[in-house]
Each structure stands twice: as C-alpha cells, then as structure tokens.
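Shown next, in structure tokens, is the structure this report addresses.
The values are calculated or read from the model by the stated rules, or taken from the named source; none is laboratory data. Computed from a predicted model, the values in this text were never measured in an experiment. Cβ coordinates were reconstructed from backbone atoms using ideal geometry, including for glycine residues, and neighbour counts include every protein chain displayed.
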Ligand code: FES
Ligand code: FES
C-alpha cells in the first residue's frame, strides 16, 4: 500500500506521521496516535461514535462535523481536528460535558464522545437551538442506553450556558 507523510493537528498538538493511503482518520488517531477517546464502532457512518470536528473555512464556525471512520487520514493533511479529548481545558469540563454528567446522559459511555462532539457542533452553530433542532442534529448518533431524553436535556442545559457566553 502506498504510504504518505502527513501532518495532523489534533486538539492543538502537532503530529508528523506516515499513513497508508487507505487508512481512515479513526484508524490513525486510535491505532497510530493512541488517542482512544475517539471511539470506533460500525465503521460505516451509521452510529456517530467516531464523530470529530475538522477545520473548514466554508462553515460559519470554521469547523465541520464528520464521521472519522469515513474519512481518509491522507486527505486531512495539515488540518486541525478536534476530538472529545480536547474539550476539557485546565481541568474544567466544557459546558456540554458538564451538562452530560449532570443530566445523567452518559451510561456505558461508548456513544458519549461522538454524541458530545455532535452536540458541541450543534450549539457552536446555534446555542439557542431548540429541542427539535437538537434532536434533528443528533439523528446520526446512536445511543443504545439512555433513550436520548437525558442527552437532549443535557444539550438544552449546555445551550443556555453557551448562549450566556459562560
Ligand atoms: S464508527 Fe464511524 S459512524 Fe460508526
Ligand atoms: S451511553 Fe451507552 S451507547 Fe450511549
């Protein structure tokens, strides 16, 4: 398999690595960089466990939300990538993480990283997103434990904090 040298910036850290042309971003982040906060489940874009944000100037927030299992790492050369592992700053949880804990929106936790990143993206685009918008935004992320109600409540709680600019 053809190899390619690339640079990824993950949660602000620079990684200069060599990847196979057919390796997905999930495989590289988890297996080569050992950043296992990123989860891998279906591997075909159906569950959202592998959700990350990637810099993209075409979007108002400068970031686009993707399933990393469907993205080739080689195509991400030079990009800034954000995973759930980068949300906590100096020991302080991101408002979305805090709300997920407070609302009991995390059970087994397998979906949580992707679910939290998707929620962050929804609220960065519109912190005042209502329940319907939140539910629609989270449609691609599957949770087998919580029944979604607590996740939606957590997103609403975090939205209030983010809208207040806290
Ligand atoms: S592991 Fe990527 S969508 Fe399921
Ligand atoms: S908390 Fe278990 S799959 Fe969502």
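How about region 1-42: which of its residues are surrounded by 13 or more Cβ atoms within 10 Å (Cβ to Cβ) and either within 16 Å of ligand 2 (Cβ to nearest atom) or modelled with pLDDT under 95 (or both)? Scanning region 1-42 gives 37, 38, 39, 40, 41, 42.
Quick check, is residue 28 outside the structural domain of residue 112 (by TED's automatic domain parsing) and under 30 Å from residue 144 (Cβ atoms)? Write out each step before concluding.
Details: outside the structural domain of residue 112 (by TED's automatic domain parsing): yes; under 30 Å from residue 144 (Cβ atoms): yes.
For residue 28, the condition - outside the structural domain of residue 112 (by TED's automatic domain parsing) and under 30 Å from residue 144 (Cβ atoms) - is met.
Can we say residue 120 is modelled with pLDDT of 95 or more, surrounded by 22 or more Cβ atoms within 10 Å (Cβ to Cβ) and more than 15 Å from ligand 2 (Cβ to nearest atom)? So residue 120 fits the description; yes.
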